[in-house]
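The values are calculated or read from the model by the stated rules, or taken from the named source; none is laboratory data. The structure presented is a predicted model; accordingly, all values stated were derived computationally and were not measured. Because the Cβ atoms are built from the backbone with ideal geometry, glycine has one as well, and the counts that use them run over all protein chains shown. Surface accessibility is based on the protein's heavy atoms, side chains included, excluding ligands, DNA and RNA. Shrake-Rupley method; radii C 1.70, N 1.55, O 1.52, S 1.80 Å.
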Amino acid sequence: MGEFDNKEREEVFSKKVRAGKRTYFFDVKATRSGDYYLTLTESKKRLEDGVFVKHKIFLYKEDFEKFAEGLNETVDYIKNHQEVVEKRYEYSENHDGTSKGHSDDFSF
């Protein structure tokens, strides 16, 4: 198999989600045997040097149900115990990289 075949096989589906100063990528890929798996990637630009830092999680189909249950339970807990804010942070025009009165957390 050539490099093109490998690249084509891996890129099954991709969804990009911009969320404030982070971008999330949900990528469906295929193993050599054709089984699908999911990679979740968080990408965030470091303000001090402009480099994009990425963190990845690989999630295989046999774990989807347990992962979704855990994620849903955790999200429900946060929604039930803390007010959900539509726009939790904004980009700041400051050069020190701080946002307007908010930490690096996220909202749902």
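The residue that is modelled with the highest pLDDT, among those in the range 67-108 that are of a type outside the set (D, E, K, R), open to solvent by 80 Å² or more (accessible area, probe 1.4 Å) and under 18 Å from R18 (Cβ atoms), is Y91.
Of the candidates F52, F64, the single residue that is more than 17 Å from E11 (Cβ to Cβ) and open to solvent by 100 Å² or more (accessible area, probe 1.4 Å) is F52.
Note on the range 36-84: residues that are of a type in the set (A, V, I, L, M, F, W, C) and part of a strand (DSSP E or B) amount to 7. The set of residues in the range 1-35 being in a loop (DSSP other than H, G, I, E, B), of a type in the set (S, T, N, Q) and either modelled with pLDDT of 95 or more or open to solvent by less than 50 Å² (accessible area, probe 1.4 Å) (or both) consists of T31 alone.
When residues in the range 17-66 are screened for being among the polar types (S, T, N, Q) and under 29 Å from V85 (Cβ atoms), 4 of them pass.
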